[in-house]
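The block underneath contains the structure these notes are about, expressed in structure tokens.
We did not get these values from a lab; they are worked out from the coordinates using the rules stated. All values reported here derive from a predicted model rather than from experimental measurement. Note that each Cβ is placed from the backbone with ideal geometry, even for glycine, and that neighbours are counted across all protein chains shown.
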Amino acid sequence: MAFAEIDAHLVAPKRFATLGFLNQVERADFSTLQTATDLTAPDLSKIVRDLEDRKLVAVTKERRTRYGTTVVEMTPDGRATFKNLLATLNRIAGQ
């Protein structure tokens with residue numbers, strides 16, 4: 001069945017929105033990602049940690065000024081996984 005091909009974990013709206021935004025950019029700092037997804041800091045932090053555990057995103061800390069900045073970017077595996085997910089969704093939708 002087609003629905004068995006979909007990773008339900010990744011199509012959850014908050015995760016999907018996060019991956020969708022990251023797929024469009026090379027990398028994003030946490031505040032930009034939070035603004036783009038309209039998620040609260042705790043929600044986004046949990047999602048990013050989960051995606052990092054799954055090796056779909058990489059998280060680094062950078063010092064731009066006196067303060068550190070968290071930067072998130074999709075890994076090559078993350079991009080491939082998201083691309084395959086989109087292809088599966090489009091195929092199921094008849095696109």
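Restricting the search to region 4-48, which residues are in a helix (DSSP H, G or I), more than 13 Å from M74 (Cα to Cα) and in contact (Cβ under 8 Å) with a residue 60 or more places away in the chain?
Within region 4-48, E5 is the sole residue that qualifies.
Among the residues of region 15-48, which ones are among the polar types (S, T, N, Q) and surrounded by fewer than 17 Cβ atoms within 10 Å (Cβ to Cβ)?
Answer for region 15-48, where residues must be among the polar types (S, T, N, Q) and surrounded by fewer than 17 Cβ atoms within 10 Å (Cβ to Cβ): N23, Q24, S31, T32, T35, T40, S45.
Table: residues versus (1) farther than 17 Å from A8 by Cβ; (2) without any contact (Cβ under 8 Å) to a residue 60 or more places away in the chain.
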position	(1), (2)
D50	no, yes
R64	yes, yes
F82	no, no
L85	no, no
A93	no, yes
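State all residues of region 49-73 that are surrounded by 14 or more Cβ atoms within 10 Å (Cβ to Cβ), part of a helix (DSSP H, G or I) and not hydrophobic (A, V, I, L, M, F, W, C); if no residue qualifies, say none.
D50, E52
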